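Enquirer: One structure follows; several queries about it will come next.
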Amino acid sequence: MRQRWSNLLFLHWRVDPDAIRRRLPDGLHLDLHDGEAWLGIVPFFMQRIRPAFLPPVPGLSWFLELNVRTYVHDDHGIPGVWFFSLDCNQPLAVGFARRFFHLPYEHATMRAKVGDFIHYECRRNDRDTPAIYRYRPAGEGTTAEPGSLEFFLAERYLLFSTDPGGGIHHGRVHHEPYRLAAADCPAWSAAPATWDGLDLPGTPPDSALVAEPVDVAVFPLRSGSAAKPVPPSQ
């Protein structure tokens, strides 16, 4: 598939590693940065979603998504992302991702408006109150240095999921490195993590970043852990 991710907000908190580790399936291990575990909430715009070699479809190819995620590696040490949930306001996308990618997508009512700030709201359909975000970049975007916290949190090109029988799957994505800037974020919410049964401190995020848009190639899901990295050209 091909898609564009835009208006990305990366909010991250330091969390108790044991609280996250016990939520991971067998075969995946918590990935730490300088000994610390991180939990992220990432609202963004999904745009131009389409199968490769086909055009986007108005009304279907543009929608909103918000994910709750942490960082893991498999038994071979290959790093990736583990999603606790992915809220989405496109019902067809929810059904497709659940069936073909075994991802924990949730139906949600969402809206966003772009102005001086981006105003973004998400309410999971079984919840009464929305999570609200207001954000914009606080400067020019730059690529993250390898080894930095920003690189650890953002530069992830592999996702892991599990099927109903507990089998591990992995999927690869490819895009140019993010250009990241500090976020000016006067309104934020930890509610999506709470909806997933995860505890976050009632303090502002320890890291808040905005990313410039990227065009993304999404490759088929494969069973098993990722034995080795796959070059983007393959």
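Enquirer: Anything in the stretch 120-153 that is assigned to a strand (DSSP E or B), over 19 Å from PRO204 (Cα atoms) and of a type in the set (Ser, Thr, Tyr)? List them, or say none. Break it down stepwise before answering.
Expert: We begin by selecting, within the stretch 120-153, every residue assigned to a strand (DSSP E or B); these are 120-124, 131-137, 142.
Of the ones still in play, those that are also over 19 Å from PRO204 (Cα atoms) are 123-124, 142.
Scanning the stretch 120-153 gives a single hit, THR142.
Enquirer: Find all pairs meeting these conditions: Cβ atoms under 8 angstrom apart; at least six residues apart or on different chains; first residue within the stretch 172-191 and among the acidic types (Asp, Glu); second residue surrounded by fewer than 17 Cβ atoms within 10 Å (Cβ to Cβ).
Expert: GLU176/ASP215; ASP184/PHE117; ASP184/ALA138
Enquirer: Another one. Please go through (1) surrounded by fewer than 16 Cβ atoms within 10 Å (Cβ to Cβ); (2) out of contact with any Gly (no Cβ under 9 Å at 6 or more places or on another chain); (3) more than 30 Å from ASP128 (Cα to Cα) for THR203 and return the number of the only condition it doesn't satisfy.
Expert: Only one criterion is unmet by THR203, namely (3).
Enquirer: Could I ask something else about it? From the list ASN125, ASN89, ASN67, pick out the single residue that is within 15 Å of LEU8 (Cβ to Cβ) and of a type in the set (S, T, N, Q). Let's see the steps before the verdict.
Expert: Working: ASN125 fails: within 15 Å of LEU8 (Cβ to Cβ); ASN89 fails: within 15 Å of LEU8 (Cβ to Cβ).
After applying the criteria, what remains is ASN67.
Enquirer: Additional query: Can you pull out every residue in the stretch 1-23 that is among the small types (Gly, Ala, Ser) and within 11 Å of GLN47 (Cβ to Cβ)?
Expert: Filtering the stretch 1-23 down to residues among the small types (Gly, Ala, Ser) leaves 6, 19.
Correct list: SER6 only.
Enquirer: Does TYR120 fit the bill of being within 14 Å of the chain's Cα centre (by Cα), in contact (Cβ under 8 Å) with a residue 24 or more places away in the chain and crowded, with 17+ Cβ neighbours inside 10 Å?
Expert: Numbers: within 14 Å of the chain's Cα centre (by Cα): no; in contact (Cβ under 8 Å) with a residue 24 or more places away in the chain: yes; crowded, with 17+ Cβ neighbours inside 10 Å: yes.
For TYR120, the condition - within 14 Å of the chain's Cα centre (by Cα), in contact (Cβ under 8 Å) with a residue 24 or more places away in the chain and crowded, with 17+ Cβ neighbours inside 10 Å - is not met.
Enquirer: Another question about this same structure. Considering only the stretch 177-204, state which residues are at pLDDT 95 or above and among the polar types (S, T, N, Q).
Expert: Filtering the stretch 177-204 down to residues at pLDDT 95 or above leaves 177-198, 204.
Selection gives SER189, THR194.
Enquirer: For the structure I just gave you, tell me whether GLY167 is more than 25 Å from VAL15 (Cβ to Cβ) and either of a type in the set (D, E, K, R) or at pLDDT below 95 (or both).
Expert: Details: more than 25 Å from VAL15 (Cβ to Cβ): yes; either of a type in the set (D, E, K, R) or at pLDDT below 95 (or both): yes.
So GLY167 fits the description; yes.
Enquirer: Please list, ordered by first then second residue, the pairs with beta carbon atoms under 6 Å, 6 or more apart or interchain, first in the stretch 77-94 and touching a residue at least 12 places away in the same chain (Cβ under 8 Å) and of a type in the set (Lys, Arg), second surrounded by fewer than 21 Cβ atoms within 10 Å (Cβ to Cβ) and not in a strand (DSSP E or B).
Expert: Once the first residue is touching a residue at least 12 places away in the same chain (Cβ under 8 Å) and of a type in the set (Lys, Arg) and sits in the stretch 77-94, no partner that is surrounded by fewer than 21 Cβ atoms within 10 Å (Cβ to Cβ) and not in a strand (DSSP E or B) comes close enough.
Enquirer: So which strands (runs of 3 or more DSSP E) are wholly in the stretch 154-211 and hold at least 1 residues that are under 23 Å from ARG23 (Cα atoms) and charged (D, E, K, R)? Before the answer, list the steps.
Expert: Numbers: elements: 158-162, 168-174, 180-187, 207-211.
So the answer is 168-174.
Enquirer: Also: Only one of ASP87, ASP75, ASP116 is closer than 28 Å to ASP18 by Cα and modelled with pLDDT of 95 or more. Can you tell me which?
Expert: On the way: ASP75 fails: modelled with pLDDT of 95 or more; ASP116 fails: closer than 28 Å to ASP18 by Cα.
When all the criteria are applied, what remains is ASP87.
Enquirer: So which strands (runs of 3 or more DSSP E) stay within the stretch 1-45 end to end and still have 2 or more residues that are free of Cβ contacts under 8 Å to residues at least 60 places away in the same chain and not charged (D, E, K, R)?
Expert: Values: elements: 2-6, 8-15, 28-30.
Counting at least 2 such residues, we get 28-30.
Enquirer: What residue, of THR70, THR109, is in contact with a Leu (Cβ under 6 Å, 6 or more places away or on another chain), in a strand (DSSP E or B), among the hydroxyl-bearing types (Ser, Thr, Tyr) and at pLDDT 95 or above? So that I can check it myself, show each step before the final result.
Expert: Working: THR109 fails: in contact with a Leu (Cβ under 6 Å, 6 or more places away or on another chain).
Exactly one of THR70, THR109 is in contact with a Leu (Cβ under 6 Å, 6 or more places away or on another chain), in a strand (DSSP E or B), among the hydroxyl-bearing types (Ser, Thr, Tyr) and at pLDDT 95 or above, namely THR70.
Enquirer: Separate question: Can you spot a residue in the stretch 35-56 that is at pLDDT 95 or above, exposed (fewer than 15 other Cβ atoms within 10 Å of the Cβ), farther than 20 Å from PRO130 by Cα and in contact with a strand residue (DSSP E or B) (Cβ under 9 Å, 6 or more places away or on another chain)?
Expert: Checking the stretch 35-56: at least one residue is at pLDDT 95 or above, exposed (fewer than 15 other Cβ atoms within 10 Å of the Cβ), farther than 20 Å from PRO130 by Cα and in contact with a strand residue (DSSP E or B) (Cβ under 9 Å, 6 or more places away or on another chain).
Enquirer: Related question: Just checking, which of PRO130, PRO177, PRO146, PRO186 is touching a strand residue (DSSP E or B) at 6+ places or on another chain (Cβ under 6 Å) and either surrounded by fewer than 17 Cβ atoms within 10 Å (Cβ to Cβ) or aromatic (Phe, Trp, Tyr) (or both)? Please lay out each step first, then the result.
Expert: On the way: PRO130 fails: either surrounded by fewer than 17 Cβ atoms within 10 Å (Cβ to Cβ) or aromatic (Phe, Trp, Tyr) (or both); PRO177 fails: touching a strand residue (DSSP E or B) at 6+ places or on another chain (Cβ under 6 Å); PRO146 fails: touching a strand residue (DSSP E or B) at 6+ places or on another chain (Cβ under 6 Å).
Residue meeting the stated conditions: PRO186.
The values are calculated or read from the model by the stated rules, or taken from the named source; none is laboratory data. All values derive from a computational prediction rather than experimental measurement. Reconstructed Cβ throughout: ideal geometry from the backbone, glycine too, with neighbour counts over all protein chains shown.
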